[in-house]
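These notes concern the structure reproduced below.
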Amino acid sequence: MAIVQFPLKLVGRRMLAPSVAHLTFTRDDGQPLDFVPGQFIQVHFQYADGTATKRSYSLATIHDHALAPGDAVEIAVSYVPGGAATALFEGLDEGGTVQASGPFGRFCLMPADVNRRYLLIGTGTGVTPYRSMLPLLAQAIATRGAEVVLLFGARTPAELLYGDEFRAFAEAHPGFRFVPCFSRELPAPGSAHAHADVRHGYVQQFLAEFAPDPAGDVAYLCGNPNMVDACFEALKEAGLAVPQIRREKYVSSK
């Protein structure tokens, strides 16, 4: 079956980090993009020699789908030196369009979930789907007392994507704990990123600290493949069954 493509028009751009842009699109065919938080879209384009290719991007959009289908389509894009997709997006002016398809994927919160706690683990742009999930997580915290821990790995404070939003969400929702893990550089004392739950190292080093519990936890892993594999093995060793561990790997492509 042929994949249906649709045009996305760029309406906004801001830098989240020195090499990561947050791009906001709207569908340029008048249709909404209804999706489940955690899903991704594919952007279709051509290499310089005319060969067709595509890249996948998790949706960062925060939207209450109980009210109406959304028209904003937000993604986070890592700029890779020499990358074909990077050239596409860096060269795209506001009002310009790209072709996309989707949404796809099953890296989503499940309506039937009754777990006591979510362990959300991400690195880099792998944190994007968790931003999209925030309204559903707020609902799970409010309606069934769910707890949420977000372990987010970045190299430096400048690369902590959506950090201000996650920290504000944690302050507004006592059931949500935000734990940034910096592998290279810690925040300066007194800075916005310096708070009690900051860790120095990689996310997989701190997973055991949160005592993964097969009786009450569901874990989500998204980002660097090495991190996803290491955390997957650690969670299995802690006793979590494979269906309790939902994962998605991000691989950089040129």
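The values are calculated or read from the model by the stated rules, or taken from the named source; none is laboratory data. Note that the structure is a prediction, hence the values are computed from the model and not measured. Every residue, glycine among them, receives a Cβ derived from its backbone with ideal geometry; neighbour counts consider all protein chains shown. Please note that ligands, DNA and RNA were not included when accessible areas were found on the heavy atoms of the full protein model with its side chains. Shrake-Rupley method; radii C 1.70, N 1.55, O 1.52, S 1.80 Å.
Assorted remarks:
- If R0 is 45 Å, the Cβ-Cβ spacing of residue 53 and residue 164 corresponds to a FRET efficiency of close to 0.85.
- Sequence of 13, 106, 246, 184 when ordered by accessible area, the most exposed leading, probe 1.4 angstrom: 106, 184, 13, 246
- C-alpha long axis of helix 225-237 to longest principal axis of the chain, angle in °: 30 degrees
- Karplus-based coupling profile of region 112-118, in residue order and whole Hz: 8, 4, 10, 5, 6, 9, 9, with θ = phi - 60° in 6.51 cos²θ - 1.76 cosθ + 1.60 and x standing for Gly or Pro.
- Taking the C-alpha atoms only, the angle from helix 163-172 to the longest principal axis of the chain is near 50 degrees.
- Sequence-distant residues sharing a close amide H with residue 177 (under 5 Å, placed H): 148, 149, 150
- Residue 31-residue 233 FRET efficiency (beta carbon distance; Förster radius 51 Å; 0.05 resolution): 0.75
- Angle between the chain longest axis and helix 128-144 axis [Cα atoms, degrees, rounded to 10]: 50 degrees
- Most to least packed among 134-140, 77-83, 120-126 [average Cβ atoms within 10 Å]: 120-126, 134-140, 77-83
- Chain lengthening between residue 242 and residue 112 when straightened (0.36 nm per residue, less Cα-Cα): 45.1 nm
- Within the chain: Cβ-based charge dipole about Cα centre, in debye rounded to nearest 20 (Lys, Arg +1; Asp, Glu -1): 300 debye
- Measuring r between the beta carbons of residue 143 and residue 62 and using R0 = 25 Å, the FRET efficiency lands at 0.85.
- Annotation: the antiparallel percentage among DSSP beta bridges lying fully within the chain is about 55.
- Under DSSP loop assignment and at most 15 Cβ neighbours within 10 Å, longest GluC sites (Glu not before Pro)-free interval of the chain: 1-93
- Of [x] 19.7; [y] 18.3; [z] 18.9, the label for Kirkwood radius over Cα pairs in Å derived from the coordinates: [z]
- Summed residue charge, Cβ within 11 Å of residue 20's Cβ, Lys/Arg positive, Asp/Glu negative: 0
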